[in-house]
Amino acid sequence: MTKNRNTIVKQISFLFMGICMALFTQAQDFTLAAEKSLHSVVYIQCLAHQQSSYYDDFFDNDFFNNFFGYNPFKSRQRTYRTSGSGVIISKDGYIVTNNHVVADANSITITLNDKREFIAKIIGTDPSTDLAVIKIETDDLTPLEYGNSDSVEVGQWVLAVGNPFNLTSTVTAGIVSAKARNLNILSDRNNRNTLTSFIQTDAAMNPGNSGGALVNTEGKLVGINAAIASSTGSYTGYSFAIPVNIAKKVIKDLIEYGTTQKASAGITIQEVDSKLMLENNLRDMHGVYVTQVMKKSAAEKAGIKEGDVIIRINGKEVNTNAEVNEVMAQMSPGEVAHYEIVRKGEVMKKDLTLLNESNTMEVVVDNSETVEAMGCTFREINQDEKTSYSLSKGLVITKIGKSRLSALGLRSGFIITAIDGKVNLSLEDAKALDNKKGQTQIEGFYPNDNRTYSFIMVL
């Protein structure tokens, strides 16, 4: 009797386990999500040209150099290809990808999931969020539906869709490992206005996944894949995506204005730890501490003061710089942000009418005058760049082409701060490069690089 009972118990246990496995398998069936997203993710191939210099010592003597004006420096062009992924966001050809995928491209070829190929043009780029919008000429695409990255939860299943290692239409699965992860991979020279809030996942991503889609199990876009954490350059455990709620705002700005409309509260904040709590007699370690309020800023006008602790913005709890960054990156100048603060133990509500970095609500439009010199295109830095980089003047290389500057290894986007020691540069200084002779020293930096570069060019 006991033996029969044990047999029945085992049979019931096996049946229960089978039911559980079937339910688990059904719950984790990603075929619908994969089917919906594969047709909306594209393969991006970029062709770039890079000039390199070499020294021709065959004629290296004063006679040829001085009498004939011979320049012993020669240049050769190297053509290289890079690849990545992009996400279709509209039926009529708009595609979002990473800025680093297309930033240096001389030509961009898009391959759809149905094997059709198109040449794309860049609509706008935002290095501070590593996003770019490109466009192809067609009107029959399948855009991927936006999800809500604010509602994504840690432990939730997600799919990464892209083209790693030139393998088109690849899907991998994982879970959300963390939210509002601060990587500091896009920090500029003053650590201002750059994205510090990423979705972390253990879905496998590799080179080529950049710019692809991170989707939920419903096949809705929740992030744009951007980076991997690896010492080898290939996947070793964790990957990171730009939250789609931030991407939506940047995409809209780039299509409408050609540049991002960045909102600013005009404050400097610090995360609250035990030391800061004790030093300032705070009641707990919740929120972020206001260390500085800029003059004439949105925060000053709303009555925010140094020493206040911000605990919520727009109803969302904020305890880290990354969480504040994620909320603010979704807003535009002129919008009202609802801040909840603690001041000397008292909870207060403050409404901030957000401004841009010039403390106005004017739309920033990238319609700068440009000039061509030495095969390059230059413009003067705009007001946003002046504020961000603490410069009064400077030149931006907007197009490098096949030029002497590209022979030095410079790329488009480089900001020139000095030419032969002269600062406060204008377009006239760019024009003058065409007439310079001999050695010329150029100094400057890239927006997302803390280093300063100096180049010697022989003209």
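Tabulated data
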{"quantity": "Count - residues of the range 79-100 that are in contact (Cβ under 8 Å) with a residue 40 or more places away in the chain, open to solvent by 40 Å² or more (accessible area, probe 1.4 Å) and in contact with a Leu (Cβ under 9 Å, 6 or more places away or on another chain)", "calculated": "3"}
{"quantity": "Residue in the range 432-450 that is acidic (Asp, Glu), in contact (Cβ under 8 Å) with a residue 24 or more places away in the chain and closer than 22 Å to THR260 by Cα present", "calculated": "yes"}
{"quantity": "Candidate set from the range 303-322 (those that are touching a Ser or Thr at 6+ places or on another chain (Cβ under 7 Å) and in contact (Cβ under 8 Å) with a residue 60 or more places away in the chain); member that is nearest to ASP284 (Cα to Cα)", "calculated": "ASN321"}
{"quantity": "Some residue of the range 393-408 being of a type in the set (D, E, K, R) and in contact with a Lys or Arg (Cβ under 9 Å, 6 or more places away or on another chain)", "calculated": "yes"}
{"quantity": "Residue match in the range 358-374 (condition: modelled with pLDDT of 90 or more and over 23 Å from GLY258 (Cβ atoms))", "calculated": "no"}
{"quantity": "Any pair with Cβ under 6 angstrom, 6 or more apart, that starts in the range 192-209 at a residue that is more than 15 Å from ILE242 (Cβ to Cβ) and small (Gly, Ala, Ser) and ends at one that is modelled with pLDDT of 90 or more and open to solvent by 30 Å² or more (accessible area, probe 1.4 Å)", "calculated": "ALA204/THR172; GLY208/SER83"}
{"quantity": "Verdict on ASN319 being in a helix (DSSP H, G or I), among the polar types (S, T, N, Q) and under 26 Å from ARG181 (Cβ atoms)", "calculated": "no"}
{"quantity": "Selection within the range 107-120 - touching a residue at least 60 places away in the same chain (Cβ under 8 Å) and open to solvent by 60 Å² or more (accessible area, probe 1.4 Å)", "calculated": "ASP114"}
{"quantity": "The range 253-278 - residue that is in a helix (DSSP H, G or I), free of Cβ contacts under 8 Å to residues at least 24 places away in the same chain and open to solvent by 40 Å² or more (accessible area, probe 1.4 Å) and, of those, farthest from GLU323 (Cα to Cα)", "calculated": "GLU256"}
{"quantity": "Sole exception among (1) of a type in the set (D, E, K, R); (2) open to solvent by 40 Å² or more (accessible area, probe 1.4 Å); (3) under 18 Å from the mean Cα position of the chain (by Cα) for ASP130, by number", "calculated": "(2)"}
{"quantity": "Among (1) over 15 Å from the mean Cα position of the chain (by Cα); (2) assigned to a strand (DSSP E or B); (3) at pLDDT 90 or above, the one test that GLY86 misses", "calculated": "(1)"}
{"quantity": "Criterion: touching a Ser or Thr at 6+ places or on another chain (Cβ under 7 Å) and outside any strand (DSSP E or B) - qualifying residue of GLU362, GLU357", "calculated": "GLU357"}
{"quantity": "Unique residue being at pLDDT 95 or above, over 30 Å from TYR94 (Cβ atoms) and surrounded by 19 or more Cβ atoms within 10 Å (Cβ to Cβ) when the list is VAL309, VAL244, VAL250", "calculated": "VAL309"}
{"quantity": "Failed item in (1) modelled with pLDDT of 95 or more; (2) farther than 28 Å from LYS386 by Cα; (3) in a loop (DSSP other than H, G, I, E, B), with ASN281 passing the rest", "calculated": "(1)"}
{"quantity": "Hey, VAL347 aliphatic (A, V, I, L, M), assigned to a strand (DSSP E or B) and open to solvent by 40 Å² or more (accessible area, probe 1.4 Å) or not", "calculated": "yes"}
{"quantity": "Options VAL363, VAL290, VAL324, VAL371: the member that is on the phi < 0 side of the Ramachandran plot, under 27 Å from the mean Cα position of the chain (by Cα) and surrounded by fewer than 20 Cβ atoms within 10 Å (Cβ to Cβ)", "calculated": "VAL363"}
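Yes or no, residue by residue, for (1) hydrophobic (A, V, I, L, M, F, W, C); (2) over 27 Å from LYS220 (Cβ atoms); (3) in contact with a helix residue (DSSP H, G or I) (Cβ under 8 Å, 6 or more places away or on another chain); (4) outside any strand (DSSP E or B):
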{"position": "VAL96", "(1), (2), (3), (4)": "yes, no, yes, no"}
{"position": "ALA105", "(1), (2), (3), (4)": "yes, yes, no, yes"}
{"position": "LYS115", "(1), (2), (3), (4)": "no, no, no, yes"}
{"position": "THR129", "(1), (2), (3), (4)": "no, no, yes, yes"}
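The values are calculated or read from the model by the stated rules, or taken from the named source; none is laboratory data. Worth saying up front: this structure is predicted, and the values here are computed from it rather than measured. Neighbour counts are summed over all protein chains in view; Cβ atoms, including those assigned to glycine, are modelled from backbone coordinates with ideal geometry. Surface areas here come from the heavy atoms of the whole protein model, side chains and all, with no ligands, DNA or RNA. Shrake-Rupley method; radii C 1.70, N 1.55, O 1.52, S 1.80 Å.
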